[in-house]
Amino acid sequence: MADPDTEATTGRMAERDVTVPVNGMTCAACERKVSRALGALPGVERAEASARGGRAVLTVTTAPTDDQIAAALASVGYSVGTAPWVSRDPKVWITVALAVVAVAAAVFLALSLGLADLPSRLTDPNAGGLLLVLIIGLTAGVSTCMALVGGLVLAVSASHAAALARAGVHEPSFSSRMRPHVLFNVGRVVGFGILGALLGVLGGAISLPASAMGLLLIGVAVVMALLGLRLTGLFPRLAAWNLALPSSLSRLLGIGDAAEGSYSDVRAAALGAATFFLPCGFTQAVQLYALSTGSPVTAGLIMATFALGTTPGLLALAGVPEVATGRSRDTVLRVVGVVVIAFALLNSVGGLRLLGYQVGASSSSADVVAATSATTSAAAPKISSNVTFANGVQTVHMTQEPRGYVPSDTVVYAGIPITWDITSTSQFDCSAFLRVPDLGVTANLVEGPNTVALPALPEGVTSFTCVMGMYTGQLIAVPAPA
């Protein structure tokens, strides 16, 4: 009779590892599908797949044949092989190129038709109550806030559509495809209500420093850019890149133990609620309004109404990749990827501006200083016509409009304190939330006249920007006369 210990040892010694390159894995659900399919082959004791590594490691006593491995992978929608870094499919590149042209044309058309002013034309600052809040939410859902929330919604929508395709569900119902977006918006409304109530309790403004806001915008932009590149299909190996929660948090939310192909309602709702903290001018305007009430019930109702107003625009945006089926889905996902990248570029420019880098500024400060010096020759440099000087203080007069600041560049004297008189014509736009990063100055403008005190500036350029970095301007300090 054979010794059981000897038999066990012999069995273990016979085991060996076989590495199989797998093409097409992009997520944890893919890893589970591949592991189960290969683990069911005869002679395979264990199978562990890695989407990031693009391979599966089989522990075998008898190695399966190449045909058996290929058939097992094909049965769950994958194949043997390694994805290239750059797509060799000309159709992918043509689709993306056309999408870039279309997005650029749409932006140019919107600017030409003056649609950038749409939010201000639809909101009446003289109105009041929850109706105004609802209108602000409706316009926010289709305007500047979409650069942040809209990009996330597009990424979630496209990723969900791609996951359905990988799972072999070719004709899911429309309600099934829209489920994560409905939950995203439900979580957004409920979360905004709860967090708004907390604002009412606190009764004080929440304002991040400009540098922190800039880093947040850049971080969001990087994540969105990577998601967009994944969706375009230009770089297949990036498809394995995926944000993952810590395993302990995943287990807490019920994500890590979910069955293959399942969806976490909690995660979708929590993501919607978390958009409360994204730096959108509209959101911050309503947050300040909620803070001013000092009532948790009123503040919660205000924020929930605002989130409800954004729902139609966000749901319409989410439905774009979900309504596509069959062969058109890949094309739609690539176009959506280009749109997500465009949002990422917008956010990155805003973040860099908040950090003090004048990316894409309306004019060159160096040119302004040079022109000022050239026209004055030996005489004392001249200040701008919107600057008055009296009693040792200079006053800068400026108007805040929906599309920025008028004038955006002002020449002042160095070494003399400044009183900044700003007339706000649209308090619910990004430009109403003024930041001067170099001085640490924050000004949330109200409709009508506003006064901001600035210290004496050194010679050179001091830039200012809105809270999202979309609109900028410069105070150019030149030597004062004797």
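Read the figures in this text as sums done on the coordinates, not as results from a lab. It should be emphasised that the depicted structure is a prediction, and the values quoted were computed from it without experimental measurement. We place every Cβ from the backbone using ideal geometry, glycine too, and count neighbours over all the protein chains shown.
A compact table of results
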quantity	calculated
Per-residue Cβ neighbour rank within 10 angstrom, fewest leading, R32, R46, R353	R46, R32, R353
Sum of side-chain charges, S35 neighbourhood, beta-carbon under 9 Å (Lys, Arg +1; Asp, Glu -1)	+2
Theoretical gain in end-to-end length, S408 to S173 [0.36 nm per residue, Cα-Cα removed]	79.5 nm
FRET efficiency, A482 to T451 (Cβ-Cβ, R0 22 Å, nearest 0.05)	0.15
Two-site FRET efficiency, E459 against V222, from Cβ-Cβ distance with R₀ of 35 Å, rounded to 0.05	0.50
Packing-based exposure ordering (other Cβ within 10 Å, fewest first) of F184, F277	F277, F184
Estimated FRET transfer efficiency when R0 is 35 angstrom, pair A105-A270 (beta carbons, to 0.05)	0.45
Segment R237-T423, length gained on full extension (0.36 nm per residue, minus Cα span)	61.8 nm
Estimated distance in nm for a label pair at L215 and A74, the labels positioned 7 Å out from Cα along Cα-to-Cβ	5.2
Label-point separation, T65 to R36 (7 Å along Cα→Cβ), nm	2.6
Fraction of antiparallel bridges per DSSP, the range 385-437 only, in percent to nearest 5	50
M178, M398, M25 arranged by Cβ crowding within 10 Å, fewest neighbours leading	M178, M398, M25
Cα gyration tensor, the range 15-80 - rounded (a/c under 1.5), prolate or oblate	prolate
